[in-house]
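Novice: Below: one structure in structure tokens.
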Amino acid sequence: MSSTSSEANLKHNGAASLATEESSHLLEKAANGEKYGSQKADQDSLLDTMVHTSDTPSKTLPQYVAALSAAGGAFAAGTLLGWTSPAQTPLLDGEYGFPVSESAFSWVGSAMTLGAAFICIPIGFLINLIGRKLTMLLLVLPFTLGWCLLIWAQNVEMMYAARFLLGISGGAFCVTAPMYTGEIAQKEIRGTLGSFFQLMITAGILFVYAIGAGLDVFWMSIVCGLLPLVFGAIFVFMPESPTYLVSKNKNESAIKSIQWLRGKEYDYKMEIEELKETERKIKENPVSIGSALTRRVTIKALCISLGLMFFQQLCGINAVIFYSTDIFKDADTGIDANLSTIVVGIMQVIATFVSVMVVDKLGRRLLLLASACVMALSTIAMGVYFYMKENGDSVESLGWLPVCSLCVFIIMFSIGFGPVPWLMMGELFASDIKGVAGSIAGTSNWVLAFIVTKTFVNLKEALGSGQTFWLFAGITVVGAIFVFVFVPETKGKSLNEIQEELEGKKPNQNQSNGNAI
């Protein structure tokens, strides 16, 4: 990289060489801004450890703290996903004092996905208008109101409205939290911090499974309703994204944010100057949303992100999560329903934690490919078991097969196709289009989640359980092929390098160009 060689020259040639490097660096950034979108260099400057900061001490602990705090919203969203499992039987038995049919409960479960799909695109505009931090703090209000409606519901219609409102809050976090994390993290730890989002979702699912085993639906919902308030009380102390602050000409606040994230000893001057310079380029060369969306690089990134979201949902994960209790029951395992869901939740958390630890070492593609291949084998095995059972074959000696297959499926999903698509959504897009494009990808994810959740029972009735799992397996195989052919490796690459790869440039092509300047 040209910046690395310039740093060496700086040590030997003094201030004159520094001036030359700064000029070259800014010219290169301006050229890339014109090609990929004027704001891409903005994110690049923030997310990477640059030439001018490589010898300056930079702390990572504050970045971990901020990322975990932001992921607290994902924890709350996880409780929404997991709530249906422990709540299903009590609600069908009339615990709330009014009848809830199986059909009505399916709408209670899936209304959340509709709310999430509804909000994803509007939230993309809101976070650029009022900021990442304020947006997430304001989401505490609909989150709390939604839980209140659910806790004191008087009829099933109130439950529909509550779950829809909760889905709005959860879906908004799915767009905002990954973007915030991507903008505060250095590239060396960007993958790890980006994986916190999925980790906290699985932790939220496990949490509601665990408390649901000991509490009735009313008190379980009250505990869940307190979580957004806890998140707000913690996140209010976190800094706003420096990228957003500079875009609003709040340079002093941006300096404080950088120092909070990198440490007081960190030399912020060059980083803040670069943020200001790229912001100036943005204003000189404004790019409309329509123009940004039709760029070749944006179209390619959007296709990859939408593809990953498609295969994440169509592998059948929400069907497995929402109906894990039924899968254990149908398998005649004899395992208590509450215990089975807790076991599933524990496996999710452990596997996602493993992904957090290795995603910046093994890379995104390897995790996705391994995840897809093993998930396909697992769903094939589940399909074989349920096909034999439905056709009257003896399966008494095979009770272990669907349980083991389910466990392996959950583990491999949590390592690869669970966290990585959300992580890569924050890496593939230039920042001038990231809010809108990320929202489109998020909307597609939740729409697909709704379709899978609502049609799983219908597919089982129309095709049979075995054939339904085979259908998921076939789609997952196609997903593995998609990853192998189209998905680039983003491990350890700057956003600038990722955009160049999407453009079709060789990794060192721009480096030589930069040196030539």
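Novice: Scan the range 301-318 and report the pairs whose first residue is under 22 Å from ASN458 (Cα atoms) and β-branched (Val, Ile, Thr) and whose second residue is assigned to a loop (DSSP other than H, G, I, E, B) and open to solvent by less than 20 Å² (accessible area, probe 1.4 Å), with Cβ atoms within less than 9 Å and a gap of 6+ or a chain change.
Specialist: Listed by first residue and then by second, the contacts come to ILE317/PHE417; ILE317/GLY418.
Novice: Does at least one position in the range 275-293 carry a residue that is hydroxyl-bearing (Ser, Thr, Tyr) and either buried (at least 17 other Cβ atoms within 10 Å of the Cβ) or in contact with an Asp or Glu (Cβ under 8 Å, 6 or more places away or on another chain) (or both)?
Specialist: Within the range 275-293, one or more residues are hydroxyl-bearing (Ser, Thr, Tyr) and either buried (at least 17 other Cβ atoms within 10 Å of the Cβ) or in contact with an Asp or Glu (Cβ under 8 Å, 6 or more places away or on another chain) (or both).
Novice: OK, next. Among the helices (runs of 4 or more DSSP H) contained in the range 415-517, which hold 2 or more residues that are within 16 Å of the chain's Cα centre (by Cα) and at pLDDT below 80?
Specialist: 420-428, 431-463
Novice: GLY94 - would you say it is on the phi > 0 side of the Ramachandran plot and not hydroxyl-bearing (Ser, Thr, Tyr)?
Specialist: yes
Novice: Which of the helices (runs of 4 or more DSSP H) found entirely inside the range 236-319 contain at least 1 residues meeting this: modelled with pLDDT of 85 or more and among the polar types (S, T, N, Q)?
Specialist: 251-262, 296-314
The values are calculated or read from the model by the stated rules, or taken from the named source; none is laboratory data. Please read these numbers as outputs of a predicted model, since none were measured by experiment. Positions of Cβ are backbone-derived with ideal geometry, glycine not excepted, and every protein chain shown enters the neighbour counts. What goes into the accessible areas is simple: the full protein's heavy atoms, side chains included, and nothing from ligands, DNA or RNA. Shrake-Rupley method; radii C 1.70, N 1.55, O 1.52, S 1.80 Å.
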